[in-house]
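Have a look at the structure below before the remarks.
We did not get these values from a lab; they are worked out from the coordinates using the rules stated. Quick caveat: nothing in here was measured; it's all calculated off a predicted structure. Neighbour counts are summed over all protein chains in view; Cβ atoms, including those assigned to glycine, are modelled from backbone coordinates with ideal geometry.
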Amino acid sequence: MDIQFDRHHIWHPYTSTINPLPCYPVSHANGVMIHLEDGQQLIDGMSSWWSAIHGYNHPKLNQAAHQQIDKMSHIMFGGLTHDPAIALCKNILDLVPSNLEHVFLADSGSVSVEVALKMALQYWYGKEAKQRATSNTPLRSKFLTLEHGYHGDTFAAMSVTDPNNSMHQMYKGFLPEHIFAQSPPHAQRQDGKWPEFDRNDVIDFEQKIIQHHQQLAAVILEPIVQGAGGMRIYHPQFLQAVRRLCDHYDVLLIVDEIATGFGRTGKLFACEHAQIQPDILCIGKALTSGYMTLAATITSNKVADGVCSSDAGCFMHGPTFMANPLACAVATASLDLIKTGAWQQQVLGIEHIFEQKLPELMQNDKVKFVRWLGAIGVVETHIAVNLENIQAHFVKHGVWIRPFGKLIYIMPPYISAADHIVQLIQAIESALCDDACFQK
Ligand SMILES: *Cc1c(COP(=O)(O)O)cnc(C)c1O
């Protein structure tokens, strides 16, 4: 592989072109194993960033892709439709909360968030038409969200992502400013039970919604697990309180399940932990089990009707590759696997191992917290990792784990065997004992 070309000409996620960290050349992947060009095999602990839930090179998913590509790989979605999109949207509506009825297929998670935000704005634009004509009341154009959240890297998605993590100061004047409430503290279930909820944890959010609700188009948040903004797990009663406050103050609730959707947290969707229904739902990542990029924004009838009864009369968004048939066919096959229900035992099995093994890591001085939910395991350290060294350490130990900052976390494919999970945790344990894996 021409690694030198890659190093000199190709941007990788969140890296510098001036001084890029090394990248490991992959030749292929199968099941939970990533095969490097030099013949080394790594147990995957990342599911390619939450996506490859059924593992790599899956016969059923491959078959779906092969069958579809022989018919058509892509066709425009304006004025045309096709079975792969219809089958997929039927499957999606079977699985998501029952109040949701209209699916907008987008080409990435960030785009599905952009679409959700646009829909919320346009919903109020329609409702406020009369008001606009008669008064100067400010339009509902703000979003309320949580600190430590992550909703994507495009501009509107970034504007509701944690200001520090997404470096808002660099885009000042260009980025709309929204409202951030304190994110709730960590909550760790023990023996399947959540700890008691402290009502005080929702006060900041409550005050902000009281103060700003007349300008708020929507609240947007990640349910129960905040992913890339800090790998935080919070109490379902916080989410219930958010739903109640949104109802009370007539604010839409956008739930971003792009990371948590399709079983990752032990429920099909994380909002089921709180038994709430969103007005708008974003899904992505695991939708195609990591085969290709596809996401969706799904709304209730109320929202869809509101969006389209505005002056515009329609929703002004239509990506070129909307409802790409190849991606839809693979996603349908992935959701068929989800529908067998096998994921439940798989995720529970992974969670049991986390429950047994992760607390042992607390004995290491470098560890500040461990936490887990479903097939998500997190080790938070006191000092940030040295990414280059810890990456090399993990590869030497035959695993693929990619930490950031003070967070070493794993979210393995659901098909992982118990032994794979144990080996991932052992590799973390050995890294914790190697000072070179951490910053000075
Ligand atoms: C990854 C992620 C996104 C962005 O999805 P992309 O496909 O990377 O654009 C948005 N929200 C959450 C919660 C995510 O984890």
- line: Among I258, I18, I421, the residue with the largest mean-square fluctuation in a Gaussian network model of the chain built from Cα contacts under 10 Å is I18
- prompt: Which chymotrypsin sites (Phe, Trp or Tyr not before Pro) does the range 105-194 hold that lie in a coil by DSSP with at most 11 other beta carbons within 10 Å?
  reply: F174
task: Among G31, V255, M231, pick out the residue whose Cα is farthest towards the positive end of the charge dipole of the chain, where Lys and Arg carry +1 and Asp and Glu carry -1 on C-beta, about the Cα centre.
output: V255
- prompt: So which GluC sites (Glu not before Pro) in the range 172-242 end up in coil per DSSP with only 14 or fewer other C-beta atoms within 10 Å?
  reply: E177, E196
task: With everything on Cα atoms, drop me the angle between helix 325-339 and the longest principal axis of the chain, reported from 0 to 90° to the nearest 10.
output: 70 degrees
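Rounded, prolate or oblate for the range 71-340? Axes are the square roots of the Cα gyration tensor eigenvalues, ordered a ≥ b ≥ c, and the cut-off for rounded is a/c under 1.5.
oblate
Sorted from fewest to most neighbouring beta carbons within 10 Å, what does the list C314, C308 look like? Mind dumping the intermediate values first?
Numbers: C314 10, C308 16.
In order of increasing Cβ crowding within 10 Å: C314, C308.
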- prompt: Between H317, H151, H273, which gets the highest mean-square fluctuation from a Gaussian network model of the chain, Cα cutoff 10 Å?
  reply: H317
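As an exercise, identify the chymotrypsin sites (Phe, Trp or Tyr not before Pro) in the range 1-78 lying in DSSP coil whose Cβ has no more than 13 other Cβ atoms within 10 Å. Please list the in-between numbers first.
Numbers: sites: F5, W11, Y14, W49, W50, Y56, F77; in loops: W11, Y14, F77.
Sites meeting the loop and neighbour criteria: W11, Y14.
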- prompt: Helix 418-432 sits at what angle to the longest principal axis of the chain, using alpha carbons and giving 0 to 90 degrees rounded to 10?
  reply: 80 degrees
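Do the sum for the chain: with -39,500 (n - 2.57) for every DSSP H run of n ≥ 4, divided by all residues, what is the mean residue ellipticity at 222 nm, to the nearest 500 deg cm²/dmol?
Values: 14 runs with 152 residues, N = 440.
After summing the helix terms and dividing by residue count, I get -10500 deg cm²/dmol.
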task: Kindly express, to the nearest 10 degrees and within the range 0 to 90, the angle between helix 59-69's C-alpha long axis and the longest C-alpha principal axis of the chain.
output: 50 degrees
- prompt: If you plug each phi of the range 27-42 into the Karplus form 6.51 cos²θ - 1.76 cosθ + 1.60 with θ = phi - 60°, what whole-Hz ³J(HN,Hα) values come out, in order, with x for Gly and Pro?
  reply: 9, 6, 9, 8, x, 9, 9, 9, 9, 7, 4, 7, x, 6, 10, 10
